[in-house]
Amino acid sequence: MKISHRAQAVAPFYAMEVAKHAAMVEADGRHVIRLNIGEPDFGAPPAVREAMREAMDGRPMPYTAALGLPALRQAISGFYRDEHGVEVDPARVVVTAGASAALVLTAAALVDPGDEVIIGDPSYPCNRQIIESFGGRVRLVPTTADTRFQLDLPSVRAHWSPATAGVMIATPSNPTGTSIPPAELAAVCELARSHGAWRIIDEIYLNLALNPSPTALSCDPDAIVIGSFSKYFGLTGWRLGWCVLPEALIPAVERLAQNYYICASAPAQQAALACFTPEARQVCEDRRAEFAARRTVVLDGLARIGLPVPVPPDGAFYCYIDVSGTGLGSWEFCERALQEAHVALTPGRDFGHHSAETHVRLSYTASMPDLTEGLRRLERFVATL
């Protein structure tokens, strides 16, 4: 069978490869502390689970409109108003089958073969794979601790070319957990806008930030903003996300959604309305505080072990750890940590090239007891190197 060049060109998602290896270790009777996947361990808030049970009472569940339930689009608009002080027309909100579908739809609507897209290195691997699947050329721009592992105006300006069609930024970022300073984000967006280029801003971790952080829409109302129910609301397996689009882009994205998947899950959309109730919001805020406590435990533990985190996370629940001082490359470090300490981490090669061999990602979405045990195991492992 002939496999498409597109499919053959897609690199493995190493975080999931590590998960497969961890499952094999566990099949041998070992308990693996899984710090490799960015999946909150809490699940959906109780009010949302109850809303799903009510939705699944046997009533008919027809397709929704391709752009999503009007009530849910209205609720997301209200969330931007209440949480971020930004007025967003509900007509600009598109509910999608996870944030990944939002990225697929926007890339399909914007990217032509040969278009160049600037993305920071390190960054979430699926973003660049999606761009390349539509024929775009990703220009990975190396970032460092000095810029919080984020793009900044000088680096974007230095890598701009006549072929540049857009810029993709994640803030807070996976894998580093860091945010781009608002003034820097505004400057990068203004540079792109001045060149007639689009801006996709991945904000799926925005509401997990340690301190209130503005949405990109506050500085660039025409930015394309990606949101998700997976991280702050804890609905990972429900596969529900959204995007906020410029009005001119809505008809094209609607046609693409109709053809790609018709609509996001109808019962998931119905239940997600409960995410915006006071009860569910309080649960999510309590969990945000728990992540902040886990962050402290992890940073203190890594410092004790002697594994530096060049830029402490201020948003997403990740630490980007420099393992170069151990004498091991990131892949070998992760392999040995899994086999010898039974701790699963993600190697830097998932996230780009610049720090691929020197850094690994730790996700602190595990419970506090698992984090404590995982750090203890890592301390013993590193002591043997």
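The values are calculated or read from the model by the stated rules, or taken from the named source; none is laboratory data. If you're wondering where the values come from, they're calculated on a predicted model, not measured in any experiment. Here the Cβ positions follow ideal geometry from the backbone for every residue, glycine too, while neighbour counts run over all protein chains shown. Just so you know, the surface numbers come from the protein's heavy atoms only, side chains and all, with ligands and any DNA or RNA stripped out. Shrake-Rupley method; radii C 1.70, N 1.55, O 1.52, S 1.80 Å.
Values for this structure:
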| quantity | calculated |
| --- | --- |
| Residues located in region 206-229, provided they are assigned to a loop (DSSP other than H, G, I, E, B), open to solvent by less than 10 Å² (accessible area, probe 1.4 Å) and either under 24 Å from Leu67 (Cβ atoms) or among the polar types (S, T, N, Q) (or both) | Thr215, Asp220, Ala223, Phe229 |
| Residues located in region 120-139, provided they are within 16 Å of Tyr320 (Cβ to Cβ) and not in a loop (DSSP other than H, G, I, E, B) | Gly120, Asp121, Pro125 |
| Residue list for region 1-43, filter: part of a helix (DSSP H, G or I), in contact (Cβ under 8 Å) with a residue 24 or more places away in the chain and either β-branched (Val, Ile, Thr) or surrounded by 13 or more Cβ atoms within 10 Å (Cβ to Cβ) (or both) | Tyr14, Ala15, Val18, Ala19, His21, Ala22, Val25 |
| Residues that are open to solvent by 40 Å² or more (accessible area, probe 1.4 Å) and more than 19 Å from Leu191 (Cβ to Cβ), drawn from region 146-166 | Asp146 |
| Some residue of region 291-308 being open to solvent by less than 40 Å² (accessible area, probe 1.4 Å) and assigned to a loop (DSSP other than H, G, I, E, B) | yes |
| Residue within region 100-111 that is assigned to a helix (DSSP H, G or I), farther than 18 Å from Ala274 by Cβ and of a type in the set (S, T, N, Q) present | yes |
| Scope region 44-84; condition modelled with pLDDT under 95, over 30 Å from Leu245 (Cβ atoms) and open to solvent by less than 90 Å² (accessible area, probe 1.4 Å); matching residues | Gly58 |
| Among the residues listed as His359, His353, the single one being open to solvent by 10 Å² or more (accessible area, probe 1.4 Å), under 23 Å from Val138 (Cβ atoms) and touching a Leu at 6+ places or on another chain (Cβ under 8 Å) | His353 |
